[in-house]
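Visitor: The structure under discussion is supplied below as structure tokens; questions concerning it will follow.
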Amino acid sequence: MKKLLALLAVSFLLSASLYSQTLQYDIKVKYVADVTGTTADITVTAKTGEPEFTFYLMTNDPVKGTILQQSEPAKKRSYVFKGVKPGKYFIRIEDRTGLPVGKTVVINETEDSSN
């Protein structure tokens, strides 16, 4: 009985630590201006997590948002969304375990506008 309780306690502690992990990431925006206007390239880099990663560019609603662009699952920790028009978007990242994280990103009409 003691062995069973010890095994259950260890299992509980291990599962709690797995669920407490968060996927850390970095988002960089590079503005690109041409004759048609200003767009942005958004580079998303997963700093932690289990490869394979999937990156999503969505309308600005993390729960009911529409997926506008999506990467294929890959071992690469970085992905670039190119030519993103001004607006408010939600960036979502998932790792192999399905752990999702994300953040709202605002692309302005000009690079000089504050976020």
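The values are calculated or read from the model by the stated rules, or taken from the named source; none is laboratory data. These figures come from a predicted structure and were not determined experimentally. With ideal geometry, Cβ positions are generated from the backbone for all residues, glycine too; neighbour counts draw on all protein chains shown.
Visitor: In segment 78-95, how many are more than 29 Å from Thr36 (Cα to Cα) and either touching a Gly at 6+ places or on another chain (Cβ under 8 Å) or small (Gly, Ala, Ser) (or both)? Lay out the reasoning, then the answer.
Guide: Restricting attention to segment 78-95, the residues satisfying the condition of being more than 29 Å from Thr36 (Cα to Cα) are 93-95.
Then keep just the ones that are either touching a Gly at 6+ places or on another chain (Cβ under 8 Å) or small (Gly, Ala, Ser) (or both); that gives 93, 95.
Counting residues in segment 78-95 that are more than 29 Å from Thr36 (Cα to Cα) and either touching a Gly at 6+ places or on another chain (Cβ under 8 Å) or small (Gly, Ala, Ser) (or both) gives 2.
Visitor: Counting only residues that are among the β-branched types (Val, Ile, Thr) and in a loop (DSSP other than H, G, I, E, B), which one in segment 20-53 is surrounded by the fewest Cβ atoms within 10 Å (Cβ to Cβ)?
Guide: Kept after step one, since they are among the β-branched types (Val, Ile, Thr), are these residues of segment 20-53: 22, 27, 29, 32, 35-36, 38-39, 42-45, 48.
Pick out the ones that are also in a loop (DSSP other than H, G, I, E, B) and you get 22, 35-36, 48.
Values: Thr22: 10, Val35: 4, Thr36: 8, Thr48: 13.
Here the residue is Val35.
Visitor: Select from segment 54-72 the residues that are outside any strand (DSSP E or B) and touching a Phe, Trp or Tyr at 6+ places or on another chain (Cβ under 7 Å) and write down the one among them that is modelled with the highest pLDDT.
Guide: Within segment 54-72, the first condition is being outside any strand (DSSP E or B), and the residues that meet it are 60-66, 71-72.
Filter again for touching a Phe, Trp or Tyr at 6+ places or on another chain (Cβ under 7 Å), leaving 60-62, 65, 71.
Details: Asn60: 92, Asp61: 86, Pro62: 81, Gly65: 89, Ser71: 96.
Among them, the one singled out is Ser71.
Visitor: Tell me which of these Glu72 doesn't satisfy, since it passes every other one: (1) over 19 Å from Asn108 (Cα atoms); (2) within 13 Å of the chain's Cα centre (by Cα).
Guide: In the conditions (1) over 19 Å from Asn108 (Cα atoms); (2) within 13 Å of the chain's Cα centre (by Cα), Glu72 misses (2) alone.
Visitor: May I pose another question? Does Lys82 meet the test of being within 13 Å of Val44 (Cα to Cα), without any contact (Cβ under 8 Å) to a residue 60 or more places away in the chain and not in a strand (DSSP E or B)?
Guide: Numbers: within 13 Å of Val44 (Cα to Cα): yes; without any contact (Cβ under 8 Å) to a residue 60 or more places away in the chain: yes; not in a strand (DSSP E or B): no.
Criteria not met by Lys82.
Visitor: Against the definition (more than 11 Å from the chain's Cα centre (by Cα), closer than 20 Å to Tyr89 by Cβ, modelled with pLDDT of 95 or more and of a type in the set (A, V, I, L, M, F, W, C)), how does Ile27 come out, yes or no?
Guide: On the way: more than 11 Å from the chain's Cα centre (by Cα): no; closer than 20 Å to Tyr89 by Cβ: yes; modelled with pLDDT of 95 or more: yes; of a type in the set (A, V, I, L, M, F, W, C): yes.
No.
Visitor: Looking at segment 37-54 only, could you name the residues that are under 12 Å from Tyr89 (Cβ atoms) and within 11 Å of the chain's Cα centre (by Cα)?
Guide: Scanning segment 37-54 gives a single hit, Val44.
Visitor: Give segment 85-106 a look and list any residue that's of a type in the set (A, V, I, L, M, F, W, C), closer than 18 Å to Tyr31 by Cβ and not in a strand (DSSP E or B), or say none. Give the derivation first.
Guide: In the first step, residues of segment 85-106 are kept if they are of a type in the set (A, V, I, L, M, F, W, C); the result is 90-91, 93, 99, 101, 105-106.
Next, from what is left, pick out any that are closer than 18 Å to Tyr31 by Cβ: 91, 105-106.
Of everything in segment 85-106, nothing turns out to be of a type in the set (A, V, I, L, M, F, W, C), closer than 18 Å to Tyr31 by Cβ and not in a strand (DSSP E or B).
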